[in-house]
Amino acid sequence: MTNPKQILPLKTENLKLPKLEKLLHIKFLDIQKLNQSLIHRSYLNENKNLKLNSNERYEFLGDAVLELWASNYLFTRFPEFDEGNLTNLRALLVCTTCLAQIAKDFGLGDYIYLSKGEINNNGRLNQSILADSFESVVGAIYLDQGWPMVDKFLSHFLISKVDSLAKQQVFKDDKSLFQEIAQAKKGITPHYVTLTESGPDHKKIFQVAVYLDSQLIAKGKGLSKQSAQEDASRKATKILTNQL
C-alpha cells in the first residue's frame, strides 16, 4: 500500500540541486534525500495539495549526528579540556548563530522550499530556518552515505570555527560564557535576582537565581553575590546545553 506521505519529486526545483551538491562538495547517491532535507513546513502549509513531508525528521536526525560529530571531534582535538570546557565549546560550535552563518556563507537559503510569506519576510536569511535546514542537510548526508561522508562534510565547514571559538570563548568566566550561550541559543540576555542572604556578616551566604525572561533556569550559592551568580551560571549552562 502506498504511503500517502510518500515523497514525490519536485522536478522543477530539482534542477537546482546539482548546483547545491557542488557547494556541499558532495554527490548524492539519492538526490531525493537532499531534496527532502530542504522542504520547510511553511512550504507545505501553502501547498496543501502536495503529499510531502517537511524536513523536520531529517532535522531531528541531523541535530543528533551533528552533536555526536562535535563531541567526538572536540574530545580528540582537546585532550587537555575538562568536561565543562568541552560542553561549553560544543554548545557554541553547534549553536543557531554559528550554523546559520555557515549556511549563509554557502548560500543554503537559496535552495530551501519556503512559503511566499516566509520569502517575503526574509526567510532565506532567517537564522533559525538556516540553522535548522543545515541540520536537515546533515541528516540527509548521513542517510545517503553514512558517517564517513558526514565527517568529511562537517570537517570542511566546522573545523575552521573551532580554534577561534576555543581561544575566544572556552576560558571565559561562567557568567560571561552563559550569557553568550543564552544569547546565541535563545536570543535572550540573562538576568540575576538575589533570593536570600543568610549567616553572620563576616560569612554571609548568598543565593541567586538566573532567569531568561521570566523563566527560572538555575539557582546558585556563594560567599558573595558574584560567586553565587557564577555558580548559578555554571549550572544554567549545563541545563541549557542539555535542552538543545
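The values are calculated or read from the model by the stated rules, or taken from the named source; none is laboratory data. A quick note: this is a predicted structure, and the numbers were derived from the prediction, not measured. Cβ placement follows ideal geometry from the backbone for every residue including glycine, while neighbour counts extend to all protein chains displayed.
Observations on the structure shown:
- Count of residues meeting criterion [surrounded by 17 or more Cβ atoms within 10 Å (Cβ to Cβ) and either under 13 Å from the mean Cα position of the chain (by Cα) or under 22 Å from Lys235 (Cα atoms) (or both)] in region 48-66: 6
Okay, residues lined up against (1) of a type in the set (A, V, I, L, M, F, W, C); (2) loosely packed, with under 14 Cβ neighbours inside 10 Å; (3) assigned by TED's automatic domain parsing to the domain that holds Thr97; (4) in contact with a His (Cβ under 6 Å, 6 or more places away or on another chain):
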{"site": "Leu114", "(1), (2), (3), (4)": "yes, no, yes, yes"}
{"site": "Asn120", "(1), (2), (3), (4)": "no, yes, yes, no"}
{"site": "Leu125", "(1), (2), (3), (4)": "yes, yes, yes, no"}
{"site": "Val150", "(1), (2), (3), (4)": "yes, no, yes, no"}
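- Residue in region 232-240 that is surrounded by 20 or more Cβ atoms within 10 Å (Cβ to Cβ), farther than 30 Å from Leu29 by Cβ, touching a residue at least 40 places away in the same chain (Cβ under 8 Å) and over 21 Å from the mean Cα position of the chain (by Cα) present: yes
- Selection status of Asn88, of a type outside the set (Ser, Thr, Tyr), crowded, with 20+ Cβ neighbours inside 10 Å and in contact with a strand residue (DSSP E or B) (Cβ under 8 Å, 6 or more places away or on another chain): no
- Region 215-226 residues that are surrounded by fewer than 14 Cβ atoms within 10 Å (Cβ to Cβ), paired with ones that are among the aliphatic types (A, V, I, L, M) (beta carbon under 7 Å, 6 or more apart): Leu216/Ala209; Leu223/Ile205
- Being assigned by TED's automatic domain parsing to the domain that holds Gln101, outside any loop (DSSP other than H, G, I, E, B), surrounded by 17 or more Cβ atoms within 10 Å (Cβ to Cβ) and free of Cβ contacts under 8 Å to residues at least 40 places away in the same chain is a description that applies to Ala131.
- Condition check for Tyr142: closer than 25 Å to Phe60 by Cα, of a type outside the set (Val, Ile, Thr), in contact (Cβ under 8 Å) with a residue 12 or more places away in the chain and surrounded by 13 or more Cβ atoms within 10 Å (Cβ to Cβ): yes
- The set of residues from region 31-47 being assigned to a loop (DSSP other than H, G, I, E, B) and either modelled with pLDDT of 95 or more or surrounded by 21 or more Cβ atoms within 10 Å (Cβ to Cβ) (or both) comprises Ser37, Leu38, His40.
- When the residues of region 145-200 are filtered to those that are among the hydroxyl-bearing types (Ser, Thr, Tyr) and over 18 Å from Arg90 (Cα atoms), the one that is nearest to the chain's Cα centre (by Cα) is Thr189.
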